[in-house]
Amino acid sequence: VQLQASGGGLVQAGGSLRLSCAASGNIFRFNIMGWYRQAPGKQREAVAGITNGGITNYTDSVKGRFTISRDNARNTVYLQMSSLKPEDTGVYYCALVVTTRAYWGQGTLVTVSS
């Protein structure tokens, strides 16, 4: 399984970005796709996740600002980020979890300037 993320960049506070992550390979139908991020000097944290059935979950700091979605036919997960804040800055990683195994994308940098 391989994951390819894209969509990061530099944006001013209050702006928006959309991240995409396409998975390829032998993907089990029942899985969870999600986004994690790692800010400079901090540990990686979970941002949002979505099951193949469309059930979503968000960390409190992004609720109401970020929206995760997926296209099962394309094995692609999206993260629409709005009202971005400087504290959203970091490397964003997509992940695909199947039972107890996790696959990771290469990360895409999001920088929010104040």
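The values are calculated or read from the model by the stated rules, or taken from the named source; none is laboratory data. It should be emphasised that the depicted structure is a prediction, and the values quoted were computed from it without experimental measurement. For neighbour counting, all protein chains shown are included, and Cβ atoms are generated from backbone atoms with ideal geometry for every residue, glycine included.
Out of (1) out of contact with any strand residue (DSSP E or B) (no Cβ under 8 Å at 6 or more places or on another chain); (2) under 11 Å from VAL110 (Cβ atoms), what's the single condition that is false for GLY14?
With respect to (1) out of contact with any strand residue (DSSP E or B) (no Cβ under 8 Å at 6 or more places or on another chain); (2) under 11 Å from VAL110 (Cβ atoms), GLY14 is out only on (2).
Can you tell me which condition GLN4 does not meet? The list is (1) surrounded by 18 or more Cβ atoms within 10 Å (Cβ to Cβ); (2) in contact (Cβ under 8 Å) with a residue 60 or more places away in the chain; (3) outside any loop (DSSP other than H, G, I, E, B), and all the others hold.
For GLN4, the exception is condition (1).
Does the range 68-96 hold any residues that are over 26 Å from GLY41 (Cβ atoms) and either at pLDDT below 95 or not polar (S, T, N, Q) (or both), and which are they? Let's see the steps before the verdict.
Start the filter on the range 68-96 by keeping residues that are over 26 Å from GLY41 (Cβ atoms), which leaves 69-78, 80, 96.
Correct list: ARG70, ASP71, ASN72, ALA73, ARG74, ASN75, VAL77, TYR78, LEU96.
Would you mind finding the one in GLY54, GLY64 that is modelled with pLDDT of 95 or more and in contact with a strand residue (DSSP E or B) (Cβ under 8 Å, 6 or more places away or on another chain)?
On the way: GLY64 fails: in contact with a strand residue (DSSP E or B) (Cβ under 8 Å, 6 or more places away or on another chain).
Every option except GLY54 fails the conditions.
For SER114, are the conditions met, namely being touching a helix residue (DSSP H, G or I) at 6+ places or on another chain (Cβ under 6 Å) and touching a residue at least 60 places away in the same chain (Cβ under 8 Å)? Write out each step before concluding.
Working: touching a helix residue (DSSP H, G or I) at 6+ places or on another chain (Cβ under 6 Å): yes; touching a residue at least 60 places away in the same chain (Cβ under 8 Å): yes.
Yes; evaluated as a whole, the condition is true for this residue.
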